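Colleague: Before I ask anything, here is the structure I am working with.
The values are calculated or read from the model by the stated rules, or taken from the named source; none is laboratory data. As the structure is a prediction and not an experimental result, all values here were calculated from the model. We place every Cβ from the backbone using ideal geometry, glycine too, and count neighbours over all the protein chains shown.
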Amino acid sequence: HTARYKELLASRKELPIYARMDDFFTVFHENQIVILAGEAGSGKTTQIPQFVAYSDLAHSRGKMIACTQPRRIAATSSAQRVAEEMDVELGHQVGYSIRFENKTTQGTFLKYMTDGMLLREAMNDPNLRKYSTIILDEVHERTLATDMLMGLLKSVAKRRAELKIIVMSATISAHKFQKYFSLGSDTEVPPVFKVPGRTHPVEIVYTQDLMKEPEHYVDAAIRTVVAIHRAEHPGDILLFLTGEEEIEMACSKIRHKVKCLIDLYPSSVGPIVCTPLYSSLEPIQQQRAFDPAPPARGPNHPPGRKVVVATNIAETSLTIDGIVYVVDPGFSKQKMYNPRTRGESLLVQPISKASAQQRAGRTGRTQPGKCFRLYTEEYFMSLEEQTCPEILRSNLSGMVLQLVKLGIQVKDLARFDYVDTPTPETLMRGIESLTFLKALDEDENLTPLGSMIGEFPLDPQLASLLVASPQFKCSEEILTITSMLSVPRIWVRPVDQKKEADQAKALFTVRGSDHLTLLNVYNQYVQNKSVEDWPETNFVSGRALVEAEKVRAQLQQLMGRFELELISITDKNKSYQSGGGYVTVKENHFAKLHPSYGGPELPEWVLFNEFIITGRSFLRTVSAVSPEWLLEIAPSYFNLRTFPDGKTRRALENLIEQKTAGSSNNFRSLYTMEDAVANLTGA
Ligand code: ADP
Ligand code: MG
């Protein structure tokens, strides 16, 4: 083996889990289901699958080991790390599978995958026969897909006595899962296998007062990082922020401030590297967060420091060694769903106590650490104990469709064995929305259309859009738009080049429709493939476009399988036009169009993809639509049972009339088509 292998082996042997290998084997051999609880960084994700792989039970039978992760970045990065540790090429013995990307081969026996991917596999093979051992990792994250997998695996375990299941969790919630997985009698209670974690103390520092303007937490965090760099002993810093834009902005400000400090005090301030870490980063850039801190600039100079600015991903999914200081402003971005408005949105929200404790626990693993909480101790005590599971705050239409595809009757959905049961109202909305898309028929049975929609790795609404598009002779375009909506942000807008970026964007803009603008960018990208640096000069993300191309190819393949024709609107009509409409209804909910909307004026009816709340509410990725469209085109595809009735028709006709007469321009938001219809009918 190579020197690198030996070096990695030595560091693996230092991990707390290594000391418990023999005990693990005993528990693993004696039980079908094991609950494994260990603190983040103890070696669960990287080592346990390897232990299983080398135990005789596993691959001798030619089956695979699956290890699920709630996050894509954790699946890819762990697979990469483990391939290196095993001294094999990634994608051969060890691989990964995430949505739109499969890095496995015939010989793969250890597969890291997102929880969502394993769930998709279960739709075609409900007993998951390919696998001898299934490891559910990070179950404490309680993502929708992991919760569903737990429900499924509980019943698969009864049908396949030889299947081994390991449920790994980073927190003390292990007993909740132990209880859940108890299959009946007392003898069948799965053991909780504990792995010791850090041993060094972590000092918690609170602020004296609560921030007067909590929305300024990013600035407060930046100040704290710079102050630590000036005053504290050597050791790397981990700062938790909520999303890509915020993180990139903070990184450039920190770099700038430290540079100014070094100019003022060259001999007493050390160099820093400041690296961002979030899911949509390129793998090579992600890996940079694991690089060591920079060296001192010379003898007798202070040592360098690494600052990692990360989303929640660094809370438990990824462990970066050498962190001594944690800065925790106390926020994260969380998905929220309101079944009344049917609106799902990402919101910056206070974290839970459990989350704050995990964050503090990212230090103190190899030496004593310090955690700076940018809030008071009183505030900490007032936080929720645990983060609310995703199943209680999501739109459930995708979940309902998957469960129905798995053979569960709609009427039994409320009685499915959930870890936490969703509210009946949210379940109802999910069923309603599938009925509306004609994925379920009037008797709530899965339709052939619904079955097809469920095969697409997309949200049911987007999938049904794609499936409907050949009927409207625009499937080429919809395929592109759908792909562009499935990748990270296309627009690049560097802090110091905002004007140039906006000018470049204006050249792509199809007025009145962000969707057609995305289509336009993609088409120009394809036409300009041979032009060097085309994405950079046009301020678009080359990586997102490459990704969109991959997604497009995969979706196209699926369309082919279902004999969905690719037809372009340009075959008849040489230009794209947006609907441009001017009518409104909604009373209770106000939102602005996101500044990125490329429209001439405020339309009154819009179609949109994202509802963002960041203090104020925004609709992002917006197209104006006309009442004519609602009246003539929409009912022919959607299952608008109430739509053709006289009242609705009259309402719409009125609106069209008003428009012709030149109506007011007040913009009020419209949540979804469904909402629009509900409003019109007074439902
Ligand atoms: P756990 O799942 O218990 O949180 P992991 O198995 O993910 O722990 O990590 C154990 C150790 O492996 C980490 O402390 C880190 O040193 C190392 N490690 C894991 N992933 C990577 C990576 N992508 N690059 C470098 N080191 C890594
Ligand atoms: Mg882990």
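Colleague: Please go through the range 315-337 and pick out each residue that is away from ligand 2 (no atom under 16 Å from the Cβ) and more than 14 Å from THR363 (Cβ to Cβ).
Modeller: Selection gives PRO329, GLY330, PHE331, SER332, LYS333, GLN334, LYS335, MET336, TYR337.
Colleague: Follow-up question, since we're still on this one. Have a look at GLN32, GLN50 and point out the one that is more than 16 Å from ligand 1 (Cβ to nearest atom) and in contact (Cβ under 8 Å) with a residue 60 or more places away in the chain.
Modeller: Criteria check complete, one pass: GLN32.
Colleague: Quick one: count up the residues across the range 156-171 that are in contact with a Phe, Trp or Tyr (Cβ under 8 Å, 6 or more places away or on another chain), within 16 Å of ligand 1 (Cβ to nearest atom) and either β-branched (Val, Ile, Thr) or within 15 Å of LEU183 (Cα to Cα) (or both).
Modeller: 2
Colleague: Consider LEU15 against the criteria (1) within 16 Å of ligand 2 (Cβ to nearest atom); (2) modelled with pLDDT of 95 or more: it satisfies all of them except one. Which criterion is unmet?
Modeller: That leaves (2) as the condition not met.
Colleague: Does ASN102 satisfy being free of Cβ contacts under 8 Å to residues at least 40 places away in the same chain, closer than 30 Å to PRO422 by Cα and away from ligand 2 (no atom under 16 Å from the Cβ)?
Modeller: So ASN102 does not fit the description; no.
Colleague: Name the residues in the range 394-434 that are surrounded by fewer than 19 Cβ atoms within 10 Å (Cβ to Cβ) and under 11 Å from LEU144 (Cα atoms), would you?
Modeller: TYR418, ASP420 - these are the residues of the range 394-434 that are surrounded by fewer than 19 Cβ atoms within 10 Å (Cβ to Cβ) and under 11 Å from LEU144 (Cα atoms).
Colleague: Something else about it: Condition first: more than 15 Å from ligand 2 (Cβ to nearest atom) and in a helix (DSSP H, G or I). Now tell me which residues in the range 25-47 satisfy that.
Modeller: Answer for the range 25-47, where residues must be more than 15 Å from ligand 2 (Cβ to nearest atom) and in a helix (DSSP H, G or I): PHE25, THR26, VAL27, PHE28, HIS29, GLU30.
Colleague: Do we find that ILE228 is surrounded by 12 or more Cβ atoms within 10 Å (Cβ to Cβ), in contact with a Phe, Trp or Tyr (Cβ under 6 Å, 6 or more places away or on another chain) and not in a helix (DSSP H, G or I) in this structure?
Modeller: It is false that ILE228 is surrounded by 12 or more Cβ atoms within 10 Å (Cβ to Cβ), in contact with a Phe, Trp or Tyr (Cβ under 6 Å, 6 or more places away or on another chain) and not in a helix (DSSP H, G or I).
Colleague: Now, a different point. When you scan the range 361-382, how many residues do you find that are surrounded by fewer than 19 Cβ atoms within 10 Å (Cβ to Cβ), within 24 Å of VAL308 (Cβ to Cβ) and modelled with pLDDT of 95 or more?
Modeller: Number satisfying all stated conditions: 1.
Colleague: Looking at the range 227-267 only, could you name the residues that are under 27 Å from GLY364 (Cβ atoms) and hydroxyl-bearing (Ser, Thr, Tyr)?
Modeller: Within the range 227-267, just THR242 meets the criteria.
Colleague: Assess whether LEU163 counts as being touching a residue at least 40 places away in the same chain (Cβ under 8 Å), under 17 Å from PRO70 (Cβ atoms) and surrounded by 15 or more Cβ atoms within 10 Å (Cβ to Cβ).
Modeller: Judged against the criteria, LEU163 is not a match.
Colleague: Then there's this: Restricting the search to the range 117-137, which residues are surrounded by fewer than 24 Cβ atoms within 10 Å (Cβ to Cβ), in a loop (DSSP other than H, G, I, E, B) and in contact with an Asp or Glu (Cβ under 9 Å, 6 or more places away or on another chain)?
Modeller: LEU128, LYS130
Colleague: Search the range 411-425 for residues that are over 10 Å from PRO389 (Cβ atoms) and pair each with any residue that is not in a helix (DSSP H, G or I) when their beta-carbon atoms are under 6 Å apart and the residues are at least 6 apart or on different chains.
Modeller: Final answer for the pair search is GLU425/PRO339.
Colleague: If you go through the range 328-353 one residue at a time, how many are in contact (Cβ under 8 Å) with a residue 60 or more places away in the chain, within 24 Å of VAL225 (Cβ to Cβ) and not in a strand (DSSP E or B)?
Modeller: 2
Colleague: Continuing with this model, one more query. Restricting the range 68-92 to residues that are small (Gly, Ala, Ser) and either modelled with pLDDT under 95 or in a helix (DSSP H, G or I) (or both), which is nearest to LEU152 (Cα to Cα)?
Modeller: ALA75
Colleague: Is there a residue in the range 172-190 that is outside any helix (DSSP H, G or I), of a type outside the set (Ser, Thr, Tyr) and within 16 Å of ligand 1 (Cβ to nearest atom)?
Modeller: The answer is yes; a qualifying residue exists.
Colleague: Looking only at residues that are farther than 15 Å from LEU396 by Cβ and of a type in the set (D, E, K, R) in the range 435-464, which one is surrounded by the fewest Cβ atoms within 10 Å (Cβ to Cβ)?
Modeller: Checked the range 435-464; the qualifying residue surrounded by the fewest Cβ atoms within 10 Å (Cβ to Cβ) is ASP443.
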